[in-house]
Amino acid sequence: DQAKATKAKDEAQLANAQLDLTRFENLKQYATAQSVDTQKALIAQIQAQIEGDQAAIDNAATQLSYTTITSPLNGRAGIRLVDQGNIVHATDAGGLVVITQLHPITVIFTLPEEDLPEISAQMAKGPMTVFADTRGDDKPLDQGTLELVDNQIDQATGTIRLKATFPNKADQLWPGQYVDIRLLLRTEANVVTVPAGAVQRGPDGLYVYAIKPDGTAEVRPVGVGQITGGTAVIESGLDAGDSIVTAGQYRLQPGTRVQVREAAATPAAKQPNA
């Protein structure tokens, strides 16, 4: 308040000095050049004093701001680390309280280095969607966006770290929580899929037991694409609607008659059990 009062006083003096200068300039035949120059110098002096007054106000405001601790981010405060009456120092490593940002929240996860080229190619095309699920039961928690890929591969594990950001509006994600992450690289349209357990490996490659119209099983070589979440994409060897054996393959051989039990059909292919 004292600094503000000093500035107000100097501003009043400046206004009076400017009026005097105007009078001197209007009375040129009576005012000497020296008096005009002196008045101009006085105005400059008072203006400099006002600038110094403003600096004193800013310094006082800075000192006053030290009486309040402001969080640099919006978040949730944890358990306080000191109680009222404790002695605290500016050099205390623990601080007063830990504030964690929740909206948005980021998740760090890893993927094999073999996936890096495809991830980089898809990131160049646009934002990539990331899904966070609970561990074990795969309950959806939130949907976010891939923000960045780390600049080096961990040579000890052969993995690359990635960071995704989630809005977390429902507070389903919590700092330090372990979650399952699914990164959507692309969407395969109009492909044939089968349960991953239906695909068998033999000496000649991958195959499935397909059911012929007469109800017997035959070995059908297939080309398999990506296998994710228990579902395999069949690139060749099967058509949509073909019946295959999804369980009990160890009891089969080509020509064995099977009994089909209808299961829930997927949009791509009917998947009966034998």
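Taking the square roots of five times each eigenvalue of the Cα gyration tensor of the range 144-218, the equivalent ellipsoid has semi-axes of 40, 19, 13 Å, listed largest first. Plainly put, the range 101-259 has a radius of gyration that is 1.09 times its Kirkwood radius, both from alpha-carbon atoms, as the Rg/Rh ratio.
Protein heavy-atom accessible surface, 1.4 Å probe, per residue over the range 179-240: 57 Å². Full extension of the chain segment joining residue 235 with residue 35 gains 62.2 nm, where the gain is 0.36 nm per residue of separation less the Cα-Cα distance. Global dimensions of the range 118-174 from alpha-carbon coordinates: Rg and Dmax equal 13.3, 37 Å.
Taking 56, 198, 156 as the candidate residues, the one with maximal mean-square fluctuation in a Gaussian network model of the chain, Cα springs under 10 Å, is 56. If you take every residue apart from residue 186 with its C-beta less than 15 Å away from the C-beta of residue 186, what net charge results, scoring Lys and Arg +1 and Asp and Glu -1? Summing Lys/Arg as +1 and Asp/Glu as -1 gives -2. In the elastic network of the chain, a GNM with C-alpha springs shorter than 10 Å, the most mobile of 177, 122, 34 is 34.
Site pair residue 154 and residue 56 shows an inter-label distance of 6.0 nm when each label is modelled 7 Å from Cα along Cα→Cβ. Here each label is just a point 7 Å from Cα along the line to Cβ, and for residue 116 and residue 65 those points are 4.3 nm apart. Recomputing Rg/Rh (Cα atoms, Kirkwood Rh) from the coordinates shown identifies the correct label among (i) 1.40; (ii) 0.94; (iii) 1.03 as (i).
The modelled label-to-label distance for the pair residue 187/residue 87, using points 7 Å beyond Cα in the direction of Cβ, is 6.4 nm. For the chain, the number of Lys pairs with C-alpha atoms closer than 23 Å, counting only pairs eight or more positions apart or on separate chains, is 7.
The values are calculated or read from the model by the stated rules, or taken from the named source; none is laboratory data. Everything numeric in this text was worked out from a predicted model, so none of it was measured. All Cβ positions, even for glycine, are placed from backbone atoms using ideal geometry, and neighbour counts span all protein chains on display. Heavy atoms of the whole protein, side chains included, go into the accessibility calculation; ligands, DNA and RNA do not. Shrake-Rupley method; radii C 1.70, N 1.55, O 1.52, S 1.80 Å.
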